[in-house]
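Visitor: A single structure is presented below for examination.
The values are calculated or read from the model by the stated rules, or taken from the named source; none is laboratory data. In this text the structure is predicted, and so the values were computed from the model without any measurement. A quick note on method: Cβ atoms are made from the backbone with ideal geometry, for glycine too, and the neighbour counts reach across all protein chains shown.
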Amino acid sequence: MTLNNLIKACKKNKRSAQHELYNRYKDTLYLLCLKYCKNVEDAEDNLQDAFLSILKNISYYKGNGSFEGWMKRITINKAIDKYKKDAFINVILNDNLLADTKVEIDEFKLPLSTILKMVQELPDRYRLVFSLYELDGYSHKDISEILKIATGTSKSNLHRAKYILKEKIEQIHSSQNHSNLIHGK
């Protein structure tokens, strides 16, 4: 079934079309959920909530722009709404404190699953800003509007997220180097 026909059938509440839409996009949207949620369980809940919202609001999709992009915005917004309930601490750090946060580790590679786990372990405010800015290309101005925080707070939260990730990567790197020395590699 073509995407346009699938959307039309979903607008008519046809269960088979809704099921096909879910099967077609569940993996893409689940990966998106993993970037914004703390853990697998939250990501699964977010995916469910996002699809319910997509199907409930599909009649509002008028065909302007990418349908997948429209669904991704709903999915991201659902994840953010969950964490908006938590109070954001508007800490503004001096950028000079984080000026030396660049990581230069030669020939050191981490599996995507490890990196994703590190991002998921970030505090909510840092994870959301990091994911919006670094993974989905939102500007700090857009992030400040979405999360209802100051632009400076968005920037400092991003720097703090990068700093935390850098520390975690360096820990893994140093423990691997230590292990290599012990095992004579």
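Visitor: Can you name the helices (runs of 4 or more DSSP H) wholly within the stretch 1-68 that have at least 2 residues being of a type in the set (A, V, I, L, M, F, W, C) and under 30 Å from Glu121 (Cα atoms)?
Guide: Because the criterion is at least 2 residues that are of a type in the set (A, V, I, L, M, F, W, C) and under 30 Å from Glu121 (Cα atoms), the helices (runs of 4 or more DSSP H) in the stretch 1-68 that meet it are 15-36, 40-57.
Visitor: Look at Tyr60 and say whether it is surrounded by 10 or more Cβ atoms within 10 Å (Cβ to Cβ) and modelled with pLDDT of 85 or more.
Guide: Working: surrounded by 10 or more Cβ atoms within 10 Å (Cβ to Cβ): no; modelled with pLDDT of 85 or more: yes.
It is false that Tyr60 is surrounded by 10 or more Cβ atoms within 10 Å (Cβ to Cβ) and modelled with pLDDT of 85 or more.
Visitor: Name the single residue that is surrounded by the most Cβ atoms within 10 Å (Cβ to Cβ) among those in the stretch 125-170 being touching a residue at least 60 places away in the same chain (Cβ under 8 Å) and under 19 Å from Lys72 (Cα atoms).
Guide: Per the stated criteria, the residue is Leu128.
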